[in-house]
Every structure is written in C-alpha cells, then in structure tokens.
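Student: If you scroll down you'll find the structure; I have some questions about it.
Since every read-out is calculated from the coordinates, none of them should be taken as a lab result. Treat the numbers as computed from the prediction; the structure is a model and nothing was measured. Cβ coordinates were reconstructed from backbone atoms using ideal geometry, including for glycine residues, and neighbour counts include every protein chain displayed.
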Amino acid sequence: MKKWSGRFKKKLSKSFIKYTMSITVDKRLALIDIICNIAHCNMLGKIGILNKKEKHKIVGILKRIFKKIKNKEIKWRKELEDIHLNIEKQVIKKNKKLGLKLRTARSRNDLSTTELRIWVKNKIRKIFRKLKALVEIIIKLSSKSKKIIMPSLTHFQIAQPIILSHYWLCYKNMFYRDIVRFKNSYKLADYMSLGSGAVSGTSFKIDRIYLSKKLRFRKISSNSIDGVSDRDYVIDFCFSCSMCMLHISRLCEEIVIFSSKLIDFISIDERYCSGSSMMPQKKNPDIFEVMRSKAGIVISGLISIIVIMKGLPLSYNKDYQEDKQICFNTADNLVKSVEILSKVIEKIKFKKNKLKRASEKDFSAATDLAEYLTKKGIPYMKSHKIVSRIVSKFIKKGNFREINKRDLKKVTSNKYVIQFIRNYNTYNIINKKTSIGGTSIRQIKKEIKRSKKELKKLTI
Ligand code: ARG
C-alpha cells in the first residue's frame, strides 16, 4: 500500500504501479537521496523540528542505509514507486517514529528536482575534466603536425593548402566551446529547489540558506512554483551534450571518409576496426560510425525533453519523471564517446605524401595567384578573371606547375603570372596566411600557445 493510501479506498492496480513507477531508473540517485535527507534532517534539527537526539539518530540511520546502498544490500521495491519513497521506507523500517517525520516541510516535487540538479552538476564536473583532457590531446596532436600539409575543403572540394595543425586547432575550438557551454549549463543547474515544497513553499520555518550550503548549491530558487517546475537546466544540459556529440560526430564523419580508400588520407589503428563476415578484405571504421550514431541518440534526448516540456502547465507534472532517464542516457553516451574518442584519435596515422599531393591538386594555388596579381596592382575581380581563364584552359593539368610556358603565353602575357608560377611552393603559400586565425606556421604556433593558456585558465 502506498503512503497516501488513506485518501483511497481501493488498492492500486498492478499495471498502474508498473507503468508509473520510476525506481528502476531513479535508483541511480540513491546516494544523492541520502545526502539530501541528511542535509534536510540536519536542517530540521537546526530549526527545532527534530530534537538533538532525534537528529543524531535519524542521521545515523541514513548513514547506515548509505553503506547498505553502496554494498548493494537493498532491494528496491516497485510498489514504492521511486527512490524517495523507497528510502523513506528504509528509515521507517529502522525507526518508525522518526521515519514518519522525514517528509516534514518538503515534497518529492522539490526533492526529486534537487537531486537531479546535484546529479547533473556532478556529471558536468566529470564531463568538464574529460573534455579538457580531450582538448589537451588535440593541442598535442596539433603541435606534432606542423610539418604535414593537407588540402582544406569547401563544398567537399579541394580549396587551399593548410597545415594539419590548423585542422586540429579547428576541432580544438569546437571542443573548447563545448567546455564553456557545460560551464554555463552548470550555472543553470546550480539553484537549489529544496524548500519549495509541493508548489507554494512551506509554513515551517525552514532554513534554505543552511540547506543550500550543506548541499553545495551556489544559489537558491527564488520562486517556489519555478522551483518545482523548472527543467531548463535539464534541457540546457542535454543541449550542451548534443552540441558536443554533434562536434564528435563531424570529426567521426571526416575520419570515416578520410580513411576510405576513395580518399585514403589516413589509416585507423586496427584495434579499433572490424572486418566483414563475408568480404575478407574489409577493414571498417566501426568505432567512428557508432560514435556518429550516438550523436543521433543524444540529440533525440534533447528533442524528447523539449517536446515533453513544451505543453505542460505549471507546476509539477508527473511527465517530468522522464527527465532522469533522458539525462542518464544522454550523459552516459557522451562520457563514453569522449573517452573513446580521446583514445582513438591519438592512434590515427596521417598519410603525409598523399595529403601533400592532394593539397596541390585542383589548382589549389589559384587564389594565391589571384592575390599575388592584386598585390601587383590588378583589381581582385580582374585577377580572379585572369586566373580562372588559365584554370579553365588547362583544367586537365590540375596544377600551374604542369603548364608549359609556351602554352601559357597563348593565354596570358602577364609577367606576374609567369613569375608566380615559377616561384611558388606550397609552404610559401601556407606561410603567407598570416592574418589572425590563418594557417601560417607563425599563427599556428601562436595559437597553440594561446590555447594552452586559455585551457589552463578554464575552471568550473
Ligand atoms: N518520481 C517522481 C519524479 O521523478 C517524484 C515526484 C513525484 N511527485 C508526485 N507528486 N507524484 O518526478
């Protein structure tokens, strides 16, 4: 029978219990539930609702239950619906008189969201550390890749030569932004809802400031309705996870493509590839494909929680209960993906010669030739036209160096064109990109240095 069964004459239907219970999911909050209970009892002691002896006794009971949970000695009961009622029952089992006082001045509405906030905050701290480690690895990869030239792509067509370090620094930026985003998500979760009661607060003279200090919240929710209604922090957390997974997925997509023999820029460590049960020759980049699909699952969690919330009236609605499953799944997928990505990217081998060759294909120096002409006094639109005419005429050659001088003269008599073609090399082209954020080696060195400092400074 349920604790509020005085209100009901009939016994709850088994299918109702099975369908609406959440213990199978929220048992993950068990230890946090104990921590909240201890803080609550200490607070009840402070304001005189529990006398000193009672407070010590109940805190002692809670601590023993904490140990039992850690040792997996407790069997959770579905008919008790959720983790809060299960733990309350455990206390009552040990001391009925005290156990019946546990829910004084609070509701599961303010309790469940407070616990989820604590869980999200803890998870963000962990993600924060993992992402910082990932960014460190990427910076290291960038440092090691200063001599590798590769093509940059736009529209997935060869665009301009760059240094591999520059490519890594792009992903560094993306994951750095993710860390900042998680830092902000943390702030949104860092409001304590406990003390909001069911919806309107409580007539007991509770000390929320004391509670928030005990539970390590920086802020306290300032409106009891909002306290039990607000799930913005869940949505925001899921959004941060989704953005991060989106970045991971884009990197995975590139790794899959670059490792295909169609392109063949990289090779992936065999330990992270699979074969085919039918095609004996196959080496498949499974791990990156799985990660790519996990991004879809994480994003679907974000969509789910947004859709769940969008039509709900204030304040607490049982629909919220699903927030936990979504948060847990989302975080698990993200953490695992970040961990595995950190391991595998270090093992990727870049095929230097192939990358260099590709970076010189498709007239990738065309923009540099046009810019060179403009520096010699020709307006850029005109330079663009001159170069595009040469490209069009010799499209099959793929590279200015392959054009013989006599043929070139038939298309243009511009001496600067000839000068450029005679003198350019890919390193020079790259090292001319000296504007802030450009791919020149000087800029890259600066950016690596700046990134290391910036990362060190970033704390939660
Ligand atoms: N298990 C519920 C949840 O996670 C706890 C709150 C239930 N409150 C209630 N009034 N039924 O949302």
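Student: Calculated from DSSP H runs of 4 or more alone, at -39500 (n - 2.57) each and per residue, what is the 222 nm mean residue ellipticity of the chain, nearest 500? Present the calculation step by step, with values, prior to reporting the outcome.
Tutor: Working: 20 runs with 287 residues, N = 460.
Taken over the chain, the calculation gives -20000 deg cm²/dmol.
Student: Let me ask another. Normalising by the residue count of the chain, find the relative contact order in percent from Cα pairs under 8 Å and 6+ residues apart. Spell out each step's value before the answer.
Tutor: Numbers: 583 pairs, mean separation 73.5, N = 460.
Relative contact order here is 16 percent.
Student: Also: Do any chymotrypsin sites (Phe, Trp or Tyr not before Pro) in the stretch 121-199 lie in a loop, going by DSSP, with at most 15 other beta-carbon atoms within 10 Å of their beta carbon, and if so which? Could you put the intermediate results ahead of the total?
Tutor: Details: sites: 128, 156, 167, 168, 171, 175, 176, 182, 186, 191; in loops: 156.
Passing both the DSSP loop test and the Cβ count: 156.
Student: Once you've got the Cα coordinates, tell me which of 46/310; 10/55; 140/356; 10/46 are over 29 Å apart.
Tutor: Details: 46/310 40 Å; 10/55 36 Å; 140/356 21 Å; 10/46 40 Å.
Violating the 29 Å limit, Cα to Cα: 46/310; 10/55; 10/46.
Student: Continuing with this model, one more query. So which of 94/318; 72/93; 354/449 end up more than 21 Å apart, counting from Cα to Cα? Before the final figure, lay out each step's value.
Tutor: Numbers: 94/318 30 Å; 72/93 17 Å; 354/449 29 Å.
Listed pairs above 21 Å: 94/318; 354/449.
Student: I've got another one for you. Do you know the relative contact order of the stretch 319-418, to the nearest whole percent, from alpha carbon pairs under 8 angstrom that are 6+ apart?
Tutor: Values: 43 pairs, mean separation 24.7, N = 100.
Rounded, it is 25 percent for the stretch 319-418.
Student: Answer rounded, prolate or oblate for the stretch 106-166, using the Cα gyration tensor with square roots of eigenvalues a ≥ b ≥ c: rounded when a/c is under 1.5, else prolate when a/b is larger than b/c, else oblate.
Tutor: Details: a/c = 10.64, a/b = 2.81, b/c = 3.79.
Here the stretch 106-166 falls in the oblate category.
Student: Just how far, in whole angstrom, is the stretch 67-136 from the stretch 160-188 if you go by their alpha carbon centroids?
Tutor: Cα centres, the stretch 160-188 to the stretch 67-136: 34 Å.
Student: Angle check, please: helix 366-375 long axis (alpha carbons) against the longest principal axis of the chain (alpha carbons), in degrees 0 to 90, nearest 10.
Tutor: Roughly 70 degrees, rounded to the nearest 10.
Student: With angles folded into 0 to 90 degrees, how steeply does helix 108-144 sit against the dominant principal axis of the chain? Use alpha carbons for both and round to 10.
Tutor: The helix 108-144 is inclined about 20 degrees to the chain.
Student: Which whole-number percent is the relative contact order of the stretch 79-162 (Cα, under 8 Å, 6+ apart)? Intermediate results must be reported in sequence, preceding the final value.
Tutor: Details: 28 pairs, mean separation 10.0, N = 84.
The value is 12 percent.
Student: Among bridges DSSP assigns within the chain, what percent are antiparallel (round to 5)?
Tutor: Working: 9 of 11 bridges.
That works out to approximately 80 percent antiparallel.
Student: Using the Cα gyration tensor of the stretch 270-402, with a ≥ b ≥ c the square roots of its eigenvalues, what is the shape: rounded (a/c below 1.5), prolate (a/b larger than b/c) or oblate (neither)?
Tutor: Oblate.
Student: Taking N as the number of residues in the chain, what is its alpha-carbon radius of gyration divided by 2.2 N^0.38 Å? Don't skip to the end; give the middle numbers.
Tutor: Numbers: Rg = 30.6 Å, N = 460, 2.2 N^0.38 = 22.6 Å.
That ratio works out to 1.35.
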